[in-house]
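Peer 1: Okay, handing you the structure first.
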């Protein structure tokens, strides 16, 4: 009889001592990147690929153990990019800068008379932390988005339109760049 009581007590102790595993599901939304699409400046409803686009982030370290390269896109024809924004202190104004280089192949070729065209965009925003779950913790979202192109003598970016000033997910286009 004592053995049965001991066995029941042991099983009950084991059942109540177990904890549920809290694992953040891969499908859970995390800190989003800024989604940018490129459009034709003449036909403003038409997507237009940027030829041989390269994008570099100032102050970004993609993986300090393997590379110090800040390249996000390299020498690719594309009409959409996603940009990671630097996460700062909550409710403080933050700024991320990106170099968008058009016609990268002209810089890389052996011909000294051809050059690519680089424009620098500066994105300002405020970081806000949002609780997701115990397993996933917090994610950042970015509010009050503003964007400027640094002036130079040969801009390839004609206009910028902020479609969504709050970056909550990557399902929405946030910025349109016309060229």
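The values are calculated or read from the model by the stated rules, or taken from the named source; none is laboratory data. As the structure is a prediction and not an experimental result, all values here were calculated from the model. Virtual Cβ from ideal backbone geometry, glycine too; neighbours counted across all protein chains shown.
Peer 1: Output the qualifying pairs, or none if there are none: Cβ atoms under 7 angstrom, residues six or more apart or on different chains, first residue in the range 8-24 and under 26 Å from residue 136 (Cβ atoms), second residue at pLDDT 70 or above and in a helix (DSSP H, G or I).
Peer 2: Nothing qualifies.
Peer 1: Search the range 70-92 for residues that are at positive phi and pair each with any residue that is assigned to a strand (DSSP E or B) and surrounded by 15 or more Cβ atoms within 10 Å (Cβ to Cβ) when their beta-carbon atoms are under 8 Å apart and the residues are at least 6 apart or on different chains.
Peer 2: Cβ pairs passing all conditions: 75/52; 75/53; 75/54; 91/126; 91/127; 91/128.
Peer 1: Another question, if that's okay. Just give me the residues in the range 25-61 being closer than 20 Å to residue 179 by Cβ, touching a residue at least 40 places away in the same chain (Cβ under 8 Å) and assigned to a loop (DSSP other than H, G, I, E, B), in sequence order.
Peer 2: Answer for the range 25-61, where residues must be closer than 20 Å to residue 179 by Cβ, touching a residue at least 40 places away in the same chain (Cβ under 8 Å) and assigned to a loop (DSSP other than H, G, I, E, B): 40, 41, 44, 48.
Peer 1: May I ask you to say which residue of 113, 76 is in a loop (DSSP other than H, G, I, E, B) and over 17 Å from the mean Cα position of the chain (by Cα)?
Peer 2: On inspection, the qualifying residue turns out to be 113.
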